[in-house]
1. Please verify whether residue B:201 is within 14 Å of chain A (Cβ to nearest Cβ), touching a strand residue (DSSP E or B) at 6+ places or on another chain (Cβ under 9 Å) and touching a residue at least 40 places away in the same chain (Cβ under 8 Å), treating the condition exactly as stated.
2. Given the options A:101, A:91, name the one that is loosely packed, with under 15 Cβ neighbours inside 10 Å, under 20 Å from the mean Cα position of the chain (by Cα) and more than 14 Å from chain B (Cβ to nearest Cβ).
3. Checking residue B:143 against (1) buried (at least 23 other Cβ atoms within 10 Å of the Cβ); (2) within 27 Å of residue A:4 (Cα to Cα); (3) touching a strand residue (DSSP E or B) at 6+ places or on another chain (Cβ under 6 Å), only one condition comes out false. Which one?
4. Taking only the range B:68-79 into account, find how many residues are modelled with pLDDT of 90 or more and out of contact with any strand residue (DSSP E or B) (no Cβ under 6 Å at 6 or more places or on another chain).
5. Looking only at helices (runs of 4 or more DSSP H) that fall completely inside the range B:80-197, which ones have 1 or more residues that are modelled with pLDDT under 95, within 14 Å of another protein chain (Cβ to nearest Cβ) and under 14 Å from the mean Cα position of the chain (by Cα)?
6. What is the number of the single condition among (1) closer than 24 Å to residue B:51 by Cα; (2) in contact with a strand residue (DSSP E or B) (Cβ under 6 Å, 6 or more places away or on another chain) that residue B:94 does not meet?
7. Within the range A:35-84, how many residues turn out to be in a loop (DSSP other than H, G, I, E, B) and either within 12 Å of another protein chain (Cβ to nearest Cβ) or surrounded by 14 or more Cβ atoms within 10 Å (Cβ to Cβ) (or both)?
8. When both residues are 6+ apart or on different chains and their Cβ atoms are under 8 Å apart, which pairs have a first residue that lies in the range B:204-220 and is more than 9 Å from chain A (Cβ to nearest Cβ), and a second that is buried (at least 18 other Cβ atoms within 10 Å of the Cβ) and not in a strand (DSSP E or B)?
């Protein structure tokens, strides 16, 4: 896992874990790796991992069992919401990038529909 | 326990020449901090002063609140190269020496580190590459249990695999409250594991900042570090 060095790493760790959860690599109700395991696996600072996990605990996507570690929430509404937010963030990036190429919102929809049709053939 | 490191108004001269001037630096517990600066900026000198190898400085240097050299040495772990040992010395013999010298040296911990680094304890210094020696230095340094660890340019002249091993060992073996000060003239390769950077320029600390604070300004740690030397080139 390579991180960008001009964006706070705790934010990127959060993004990474959200993806792991949404794609089912980390399952609802299951324990996630320990802080140190994650730090070694991602080659990042332990304190930075700690900060990311703290925030995710605060958001409710993770919960802590005392002395056992961090677990993924089983709250399906919250998981759905997190997935929607991830999708929205990707769409934001896409639309902004298209706009910067001078493509209007209407054109984006048209181009995307055509593109998907072409690809599906 | 006080901070792992507190330096106040440090001045150091060698042959009438000022190497370090008016340097102040405080490191808090539980941090991994890079000491950055060009070659010859005084990084090694500073480490040698902190560890009590270099003497005759002015100012105060405290390690875990201790100012006396002997006390400082007991509260920090620093391997000043392996220059004191003959080329024919085996790893085993160096370990025996460390066990006698440092009561906090853990053989069990060393064995774990040695295996992690793939080092053979029967090897002699003369048979080891630069990367292997650097791995040995790290293993010896982390086998002690202290408040402060000093690593002097552990990444210079070694290959990418050895570098990864060393970085992973820093993450794996660092105790929660201990602080690591690691010098380098390059920051890219270790930026992701750092809490803070300390930049040395013009014989003193010109910047001490958290890496995540640098990134929060949409700057990479490397760009941030280079900007201090860029300004000079532009002038």
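The values are calculated or read from the model by the stated rules, or taken from the named source; none is laboratory data. All of these numbers come straight from a predicted model, not from anything done at the bench. Methodologically, a virtual Cβ is constructed for each residue, glycine included, from the backbone with ideal geometry; neighbour enumeration extends over all protein chains shown.
1. Spelling it out, it is not the case that residue B:201 is within 14 Å of chain A (Cβ to nearest Cβ), touching a strand residue (DSSP E or B) at 6+ places or on another chain (Cβ under 9 Å) and touching a residue at least 40 places away in the same chain (Cβ under 8 Å).
2. Criteria check complete, one pass: A:91.
3. (2)
4. 6
5. B:160-173
6. Among (1) closer than 24 Å to residue B:51 by Cα; (2) in contact with a strand residue (DSSP E or B) (Cβ under 6 Å, 6 or more places away or on another chain), the lone unmet condition for residue B:94 is (2).
7. Residues in the range A:35-84 being in a loop (DSSP other than H, G, I, E, B) and either within 12 Å of another protein chain (Cβ to nearest Cβ) or surrounded by 14 or more Cβ atoms within 10 Å (Cβ to Cβ) (or both): 6 in total.
8. What qualifies is B:209/B:224; B:210/B:195.
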